[in-house]
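Below is one structure, written out as structure tokens; the observations come after it.
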Amino acid sequence: MIDSIPPVVPAGRMRELPQPEFDLPGERRLRPWAAQDAPALVDCFLDPDIRHWNRPSRLDLPEAEERITRFHERWQAEEAAIWAIAPATGGPALGLIGLADLDLPGGSGEILYWLLPAGRGSGVMVPATEAVTRWAFDDLGLHRVRITHSVANPASCAVATKAGFPLEGTMRGALLHADGWHDQHLHARLRTDSPV
């Protein structure tokens, strides 16, 4: 008889955790998305850089509000953890960071992120990535977290590298963008890696 491998993260663990908030440098904060953030989801489609690298859906305000409701439902369903990057003093979201493509039994997930123009250049994405990664390892219990991005997107590559995600390789023709198929870099960290 072959013993079954126990899940790395038991079912129900994520939904039992409250979605945490994290203070970030530059008076920024990671927090759950709220209805007031719906315009940021509408605006992300209008931004050419976000549209090019992230393939967001075109949304009107009611659809954006539904998407935010879905972010909370995905937490409860243990499918994804999505945070708003926002001013610490209040105000609408400036960007998004999340942990998606979760395989809790297998202990892995993928970080995704974008910033609206008002949030760019502040250096906030590296500490946001570090905060989500620490939560994924220390609180959720994942073994491996990865980041993928087009090889033609040096800004995403810099975030991954500065956040301690070594480059593992290049996946050829891995993602279709508006201008055709792109090779993708694969970066990853293990829970057992040295802290950054």
With a ≥ b ≥ c the root eigenvalues of the C-alpha gyration tensor of region 93-196, is it rounded (a/c under 1.5), prolate (a/b larger than b/c) or oblate? oblate
Do you know the relative contact order of region 12-60, to the nearest whole percent, from alpha carbon pairs under 8 angstrom that are 6+ apart? 22 percent
Please turn the phi angles of region 102-107 into ³J(HN,Hα) values with the Karplus equation 6.51 cos²θ - 1.76 cosθ + 1.60 (θ = phi - 60°), one per residue in order, whole Hz, x for glycine and proline. 6, 10, 5, x, x, x
Under the rule of at least 5 residues apart or a separate chain, name every residue whose amide H is placed under 5 Å from the amide H of Ala88. Arg28, Arg29
Per residue, how much accessible surface does region 40-172 expose to a 1.4 Å probe? Answer in Å², no decimals. 44 Å²
Cα-based Rg of region 128-178 per 2.2 N^0.38 Å, rounded to two decimals? 1.27
Compute, for region 99-183, the length of the dipole vector about the Cα centre, with Cβ point charges of +1 (Lys, Arg) and -1 (Asp, Glu) only. Units Debye, rounded to 20. 200 debye
Within the under-12-Å Cβ sphere about Arg189, not counting Arg189, Lys/Arg +1 and Asp/Glu -1 give a net charge of 0
About the Cα centre of region 13-75, what is the dipole size in debye to 20, counting +1 per Lys and Arg Cβ and -1 per Asp and Glu Cβ, all else neutral? 300 debye
Calculate I(q)/I(0) for the chain by the Debye formula, one identical point scatterer on each C-alpha and no solvent, and give its log10 at q = 0.08, 0.11, 0.13, 0.15 Å⁻¹ to two decimals. -0.26, -0.50, -0.70, -0.95
Do any trypsin sites (Lys or Arg not before Pro) in region 51-149 lie in a loop, going by DSSP, with at most 12 other beta-carbon atoms within 10 Å of their beta carbon, and if so which? Arg58
Charged-residue dipole, Cβ positions (Lys, Arg, Asp, Glu), the chain about Cα centre, Debye nearest 20: 320 debye
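The values are calculated or read from the model by the stated rules, or taken from the named source; none is laboratory data. Being a predicted model, the structure only gives us computed values, none of them experimental. Reconstructed Cβ throughout: ideal geometry from the backbone, glycine too, with neighbour counts over all protein chains shown. Protein only, heavy atoms only, side chains kept; ligands, DNA and RNA dropped before computing areas. Shrake-Rupley method; radii C 1.70, N 1.55, O 1.52, S 1.80 Å.
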